[in-house]
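Undergrad: Would you mind keeping the following structure in view while I ask a few things?
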């Protein structure tokens, strides 16, 4: 199966945006943020990668801790825990797949079907890290449901509903269908990569149980592209 990936890896540079922290919701247990594209969720190993959403959040909310992550170039909803109890509660929800996530993406090509599901296990492509790849023998199970929202000339806007949370899952699954996400510097061929100024992938909504009382809540962040 062709992945349509670029033949040679593109350099990954880190120039984090300087915009202020965007808080969607905050209470004694949880902090819900809108992560901008281009900002790491947690610090990288190089000193130049110290600036990240976690460090920015903890400047204003010292007790906040990371529960899950978004790729550097992915934007949108991310929840942090404000207490150790909330961290354990939220961590179990993600582990046991009790949360529900929706992403919006723009992909290369006009998808012929209106919706579908990709069930393809993913494993790290170790010689080409951080790249991931599909491997039906050794990969970890991964499932994504997708639904077309709109079609334009040579491109498609889709809603993506990951059932699992593998690294680069949405990017790998869409490229496996022959529809790489626009602006993807790892998996998209040049034409699709150059079709957008940033990765066209945004975490639009996150549904979870509040750690205090278990009420089911949905937080949303409008797609910026």
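Undergrad: So, in segment 170-183, how many residues would count as being surrounded by 23 or more Cβ atoms within 10 Å (Cβ to Cβ) and over 14 Å from residue 158 (Cβ atoms)?
TA: Of the residues in that region, 1 qualify.
Undergrad: Which residue out of 40, 70, 18 is touching a residue at least 60 places away in the same chain (Cβ under 8 Å) and in a loop (DSSP other than H, G, I, E, B)?
TA: The conditions single out 70.
Undergrad: Looking at segment 190-216 only, could you name the residues that are exposed (fewer than 14 other Cβ atoms within 10 Å of the Cβ) and in a strand (DSSP E or B)?
TA: 216
Undergrad: Further question: Confirm whether residue 111 is over 19 Å from residue 163 (Cβ atoms) and assigned to a strand (DSSP E or B).
TA: Answer is no for this residue.
Undergrad: Can you confirm whether residue 167 is in contact (Cβ under 8 Å) with a residue 12 or more places away in the chain, over 17 Å from the mean Cα position of the chain (by Cα) and within 20 Å of residue 102 (Cβ to Cβ)?
TA: The answer is no for residue 167.
Undergrad: Okay, moving on. Only one of (1) modelled with pLDDT of 95 or more; (2) under 24 Å from residue 33 (Cβ atoms) fails for residue 130. Which number is that?
TA: The number of the failed condition is (1).
Undergrad: Quick one: which of 187, 161 is in contact with a helix residue (DSSP H, G or I) (Cβ under 7 Å, 6 or more places away or on another chain) and either in contact (Cβ under 8 Å) with a residue 40 or more places away in the chain or part of a loop (DSSP other than H, G, I, E, B) (or both)?
TA: Of the residues listed, the single one that is in contact with a helix residue (DSSP H, G or I) (Cβ under 7 Å, 6 or more places away or on another chain) and either in contact (Cβ under 8 Å) with a residue 40 or more places away in the chain or part of a loop (DSSP other than H, G, I, E, B) (or both) is 187.
The values are calculated or read from the model by the stated rules, or taken from the named source; none is laboratory data. It should be emphasised that the depicted structure is a prediction, and the values quoted were computed from it without experimental measurement. We place every Cβ from the backbone using ideal geometry, glycine too, and count neighbours over all the protein chains shown.
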